[in-house]
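Q: First the structure, which I've put down as structure tokens, then a few questions once you've had a look.
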Amino acid sequence: MASGLRTLSGLLDPERLFSGLGGEVLRRTPHRWTERAELEGLGGVILKVYEPFAGRVGKVSRRLAPAAVEWDRLQALGEAGLPVPEGLGAVWTARGVAGPSAFLMREIPGAAPLDELLRAGDLPPEPWWTGELGPLVRRLHQAGFQHRDLYACHFLIPPARPWGTPILIDLARVRRPLRGRRRVKDLAALAYSLREWRSRGEIRELLLSCLGMTEGAAPARRLLARVESKVQKISRHRPKYDGPLDAEP
């Protein structure tokens, strides 16, 4: 029986979420899957289902259900004025991290992750990098949050053009307070994920925008050196899930 419930009452059976909605599976890892579905009264939705102990495996929480954590993080970022998806609800069991949990949010029609657009050759205008993306990361950090998975794939780009402010997604691992080392990790993840499409100089300019610093400032030079060192460490890591994804729910 679900012991955690947010906003879903009267819309659908919460227990149904644990087995999926029979929609299109967008991504599957050994402990979680994400699917898109159409629901009467809600329209297009995105469902993330976490299997038992997924929170420990994914370093979300050793005690709490990851869907409960992601719901709380989404609310916290939204209250801080940061762009996040519209959460529709989350359910989990009394077993916490030892049981299944599910997180439901409204789909943004036509939106796509930044890395998918870049891979398809849909490139933003140059001013967007330091006029939209950089300031968003700076706002995230100024609000005291570390994303912990700040890769290009976790910025959702609405379909309207010209390009506007990205939407932050995949929020289960967000934490606060932000410390210097945590900010470096976020910036290194972003820099690493953009190396295929942006030159080293362009990434450096973006990072300065994220920091709100100028090129010649000594603190900026020190921080950028730490970020570059972390990027090199990331590049030596083997992807955690790099095999083909099973498309069956």
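The values are calculated or read from the model by the stated rules, or taken from the named source; none is laboratory data. Computed from a predicted model, the values in this text were never measured in an experiment. Neighbour counts run over all protein chains shown; Cβ positions are idealised from the backbone, glycine included.
Q: Out of G41, G89, G78, which single residue is at positive phi and free of Cβ contacts under 8 Å to residues at least 40 places away in the same chain? Break it down stepwise before answering.
A: Working: G89 fails: free of Cβ contacts under 8 Å to residues at least 40 places away in the same chain; G78 fails: at positive phi.
None of the others qualify; the one that does is G41.
Q: Only one residue in A102, A143 is at pLDDT 95 or above and under 25 Å from A67 (Cβ atoms), so which one is that? Spell out the reasoning first.
A: Values: A102 fails: at pLDDT 95 or above.
Result of the check over A102, A143: A143.
Q: For residues in the range 120-130 being in contact (Cβ under 8 Å) with a residue 60 or more places away in the chain and either surrounded by fewer than 18 Cβ atoms within 10 Å (Cβ to Cβ) or among the basic types (K, R) (or both), which is farthest from V84 (Cα to Cα)?
A: Out of the qualifying residues, it is L123.
Q: Any residue in the range 7-23 that is modelled with pLDDT of 90 or more, under 19 Å from H154 (Cα atoms), outside the structural domain of H154 (by TED's automatic domain parsing) and surrounded by fewer than 17 Cβ atoms within 10 Å (Cβ to Cβ)?
A: no
Q: Take the residues in the range 131-180 that are in a loop (DSSP other than H, G, I, E, B) and aromatic (F, W, Y); name whichever of them is nearest to V227 (Cα to Cα). Let's see the steps before the verdict.
A: Just the residues of the range 131-180 that are in a loop (DSSP other than H, G, I, E, B), to begin with: 143-145, 147-151, 158-166, 169-174, 176-179.
Keeping just the survivors that are aromatic (F, W, Y) gives 145, 151, 163.
On the way: F145: 17, Y151: 14, W163: 27 Å.
If we take residues in the range 131-180 being in a loop (DSSP other than H, G, I, E, B) and aromatic (F, W, Y), then Y151 is nearest to V227 (Cα to Cα).
Q: Being touching a residue at least 12 places away in the same chain (Cβ under 8 Å), aliphatic (A, V, I, L, M), over 23 Å from A120 (Cα atoms) and touching a strand residue (DSSP E or B) at 6+ places or on another chain (Cβ under 9 Å) is the requirement here; does L178 meet it?
A: Values: touching a residue at least 12 places away in the same chain (Cβ under 8 Å): yes; aliphatic (A, V, I, L, M): yes; over 23 Å from A120 (Cα atoms): yes; touching a strand residue (DSSP E or B) at 6+ places or on another chain (Cβ under 9 Å): yes.
Yes, satisfied.
Q: Another question, if that's okay. Does R119 meet the test of being basic (K, R), more than 18 Å from the chain's Cα centre (by Cα) and within 20 Å of A160 (Cα to Cα)? Lay out the reasoning, then the answer.
A: On the way: basic (K, R): yes; more than 18 Å from the chain's Cα centre (by Cα): yes; within 20 Å of A160 (Cα to Cα): yes.
Yes.
Q: While we're on this one: Please name all residue pairs, on different chains or six or more residues apart, with Cβ atoms under 8 Å, provided the first residue is in the range 98-113 and is under 15 Å from L171 (Cβ atoms) and not assigned by TED's automatic domain parsing to the domain that holds L39 and the second residue is aromatic (F, W, Y) and surrounded by fewer than 19 Cβ atoms within 10 Å (Cβ to Cβ).
A: none
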